[in-house]
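Note sheet for the following structure.
The values are calculated or read from the model by the stated rules, or taken from the named source; none is laboratory data. Quick caveat: nothing in here was measured; it's all calculated off a predicted structure. Using ideal geometry, Cβ is built from the backbone for each residue, glycine included, and neighbour counts are taken over all protein chains shown. These area figures cover heavy atoms from the full protein model, side chains too; ligands, DNA and RNA do not enter into them. Shrake-Rupley method; radii C 1.70, N 1.55, O 1.52, S 1.80 Å.
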Amino acid sequence: MALLEVHDLHAGYGKMEILHGITLKVEPGQIVSIIGPNGAGKSTVFKSIFGLLPVRQGRVLFAGEEVTNRSPEALLRQGMTFVPQGRNVFPLMTVEENLLLGAYIRKRSPELLEEVQRVYETFPILREKRTARAGDLSGGQQQMLEMGRSLLLQPKLILLDEPTLGLAPLVFKEIFRIIEGLRQRGQTILMVEQNAAKALEISDYAYVLELGKNRYEGSGEAIRNDERVKRLYLGR
Amino acid sequence: MTDVFQLLVAGLSIGSIYAMAAIGFVLLWQTSNTINFAQGEFVVLPAFVMVLFLTVFRFPFAAAFVATVIVSTLLLGLLVKKVLVERLLKMGVLPLVIATIGLSMLIRYSLQQFWTPLALPFPAIFSRQPIRVGGVIFSSEEVMNVLSAAIVIGTLQLLIRRTKLGWAMQAVAQNRDLASVLGINVSRLVGVTFMLNAALTAVAAVLIAPVYLVKYDIGIGIGLKAFYAAIIGGFNQIRGALLGGLLVGLVETYSAAYISNQFRDAFALVILIGVLLLKPEGLLGIKEEWA
């Protein structure tokens, strides 16, 4: 059974419909990428899956359960977390406070504090900076904080929106290494990424969207070598 | 020389009341990006409610106080949030700000029309027995005002720093979209903030009523001075609003005593303009470049 199934998803803002029937599937343990040009509706897919934008038509199934238009809080409880695009931290709070807010929906417990320690093992720099203000971290460190925060609830699925946007090349290599490391631990990830070629390298499966519709799909490898995709989106 | 100290306590006393209203401004601004121009009336209405409980229902003082805080929290917190904020905030900040100006007039002139245009006396809460320290005589009422405000503000700070609710308030203030992604119900939190603000202004009401008497139009001055205080101290910092409130109270008291009583309200404005020119984010405010 697929972990996440999206069928014929329609969503938009006001009178404008952005998604005209998106369909996709994520199997447990996979990294699945959504690629496509600007305006394809990639981030909109995430917002409507995660209950931040109403789904007008279509269904979202998570772990076999219908979750269409559930609130973020309900989805977090069911094991889905979302790392939105752009640097998203609480700048005046400390790194550790930021992390703990990732588990806002849960009660403060010894298990939770253990989970924080586990995140520190994955991202040692966060332990080092744990009393620093999150706003004073570098872009790459903030991205690590965001990913660490999303791991705190031990989610079944992470929605990762543009994790390397605006990061220096050296830093984004590091972020990709971390994403691969998470997959090795069995973490399922659905990711939107601007660096399509790089994302496809580590993806088990990929969907290419165009103007709010499915265009192509296939294994990461197949999409990466697809001549049409190369010409259109990979700039080669 | 002794009057310098007496005026210090008097200034801190009135200043701590401004500070409470100013902190309310900051809380509302932080969680809902709203400037509540009815803040002055949010202090006046509970004062009238307190008079109602004391003189009409003949409640004992403590019961009347608790009842006033509850009524204020429900009326000026929950009801205002449900009726005004929830509907208007969707359309942006400006419609709501204008609505609060309307609300201030509605409260002010309803009190005048349907209750009384006259000033109502208010019983002293604390003994007016002067306290003598060395050669200086303090009014115990003023000392108690400062202490009460300190307790209320200290409790509020603990709530914000140490509780989950407080963390959620900080989170919403610093990154609203992210807060909802993490499962924080922003709308409910805005409601809680309005209720906290109303509780805060109710306490301010009960402390200021014996000083100013209870009259329908005293909210204009209180609201304005709390607004100055929040700007002077920094609109995004609670300790800024605290400092601003105390400063406005002190400046007003000293300038009335030593310079001109008629111009007492002007001196806080001078400070306000000076701060806006030299440090526009406020004395303890933080520039919101990350916003």
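For region A:38-101 and region B:129-206, what is the centre-to-centre distance using only Cα atoms, to the nearest Å?
Here the answer is 32 Å between Cα centres.
Would you mind checking which residues have amide H under 5 Å from A:PHE82's amide H? H placed 1.01 Å from N; only 5 or more apart, or other chain.
A:LEU159
Counting each pair of different Cα atoms once, what's the Kirkwood radius of region A:14-107 in Å, rounded to one decimal? Present the calculation step by step, with values, prior to reporting the outcome.
On the way: mean 1/r = 0.0654 Å⁻¹.
So the Kirkwood estimate lands at 15.3 Å.
Can you list residues from other chains, or at least 5 along the same chain, whose modelled amide H is less than 5 Å from the amide H of A:ILE34?
Here the answer is A:MET191, A:VAL192, A:GLU193, A:TYR207, since their amide H atoms fall under 5 Å of that of A:ILE34.
What base-10 log of the normalised intensity I(q)/I(0) is obtained for region B:108-264 from the Debye formula, alpha carbons as equal point scatterers, at q = 0.09 Å⁻¹?
-0.41
Please report how far the C-alpha centroid of region B:212-291 lies from that of region B:48-124, rounded to the nearest whole angstrom.
After rounding, the separation between the Cα centres reads 23 Å.
If the elastic network links every pair of Cα atoms under 10 Å, which of A:LYS198, A:LYS15, A:LYS47 fluctuates the most in the Gaussian network model of chain A?
Maximum fluctuation in the GNM of chain A, among the listed residues, is at A:LYS15.
Rank B:PHE138, B:PHE61 by accessible area, highest first, at a 1.4 Å probe radius? It would help to have the intermediate numbers written out before the result.
Details: B:PHE138 35, B:PHE61 75 Å².
Of B:PHE138, B:PHE61, the descending order of accessible area is B:PHE61, B:PHE138.
Compute the signed sum of charges (Lys and Arg +1, Asp and Glu -1) over the other residues within less than 13 Å, Cβ to Cβ, of B:VAL43.
Working: positive: B:ARG108, B:LYS215, B:LYS225; negative: B:GLU41, B:ASP217.
Net charge around B:VAL43: +1.
Translational diffusion coefficient of region A:167-236 at 20 °C, 1.002 mPa s, Stokes-Einstein with Kirkwood Rh over Cα pairs, in µm²/s as a whole number.
Values: Rh = 12.9 Å.
For these conditions, the coefficient is 166 µm²/s.
Just from the alpha-carbon atoms, what are the Rg and Dmax of region B:84-143 in angstroms?
Rg then Dmax for region B:84-143, in Å: 20.9, 59.
What list of whole percents do you get for P(r) of chain B, with Cα-Cα distances grouped in 10 Å bins up to the one holding the largest distance?
Bin by bin from 0 Å, the calculated values are 7, 28, 36, 22, 7, 1, 0.
Can you order the peptides B:33-40, B:255-262, A:24-31, B:120-127 by their average number of other Cβ atoms within 10 Å per residue, highest first?
Details: B:33-40: 23.1, B:255-262: 13.0, A:24-31: 18.4, B:120-127: 14.5.
Top of the packing list down: B:33-40, A:24-31, B:120-127, B:255-262.
Over region B:116-208, what relative contact order in percent results from Cα pairs under 8 Å that are six or more residues apart? Intermediate results must be reported in sequence, preceding the final value.
Values: 44 pairs, mean separation 15.0, N = 93.
Answer for region B:116-208 is 16 percent.
Over its Cα atoms, what ratio of radius of gyration to 2.2 N^0.38 Å does the protein assembly as shown give?
Working: Rg = 28.0 Å, N = 527, 2.2 N^0.38 = 23.8 Å.
So the protein assembly as shown has a normalised radius of gyration of 1.18.
Using the alpha carbons of region B:13-105, what is the convex hull volume per residue in cubic angstrom, as a whole number?
Numbers: hull volume 9.5 nm³, N = 93.
Enclosed volume per residue, from the Cα hull, is 103 Å³.
Quick one, could you list the DSSP H helices from chain B stretching 20 Å or more along their long axis (Cα atoms) with average Kyte-Doolittle hydropathy of 0.5 or above?
Details: long enough: B:2-32 (45 Å, 1.36); B:93-114 (31 Å, 1.38); B:140-162 (32 Å, 0.92); B:186-212 (38 Å, 1.74); B:218-233 (23 Å, 1.73); B:238-258 (30 Å, 1.12); B:264-278 (23 Å, 2.29).
Once both thresholds are applied, what remains is B:2-32, B:93-114, B:140-162, B:186-212, B:218-233, B:238-258, B:264-278.
Over chain B, what is the relative contact order in whole percent, taking alpha-carbon pairs under 8 Å and six or more residues apart?
On the way: 444 pairs, mean separation 104.6, N = 291.
Worked out over chain B, it gives 36 percent.
How much of the DSSP beta bridge set in the protein assembly as shown is antiparallel, as a percent to the nearest 5?
Working: 27 of 44 bridges.
The answer is about 60 percent antiparallel.
Out of all DSSP beta bridges in chain A, what portion is antiparallel? Express it as a percent rounded to 5.
Working: 22 of 39 bridges.
Beta bridges within chain A, antiparallel portion: roughly 55 percent.
For region B:72-154, what relative contact order do you get, as a whole percent, if you take Cα pairs closer than 8 Å and at least 6 residues apart?
On the way: 30 pairs, mean separation 10.2, N = 83.
The value is 12 percent.
To the nearest whole number, what is the average tally of beta carbon atoms from other chains within 10 Å of the beta carbons of peptide B:179-191?
5
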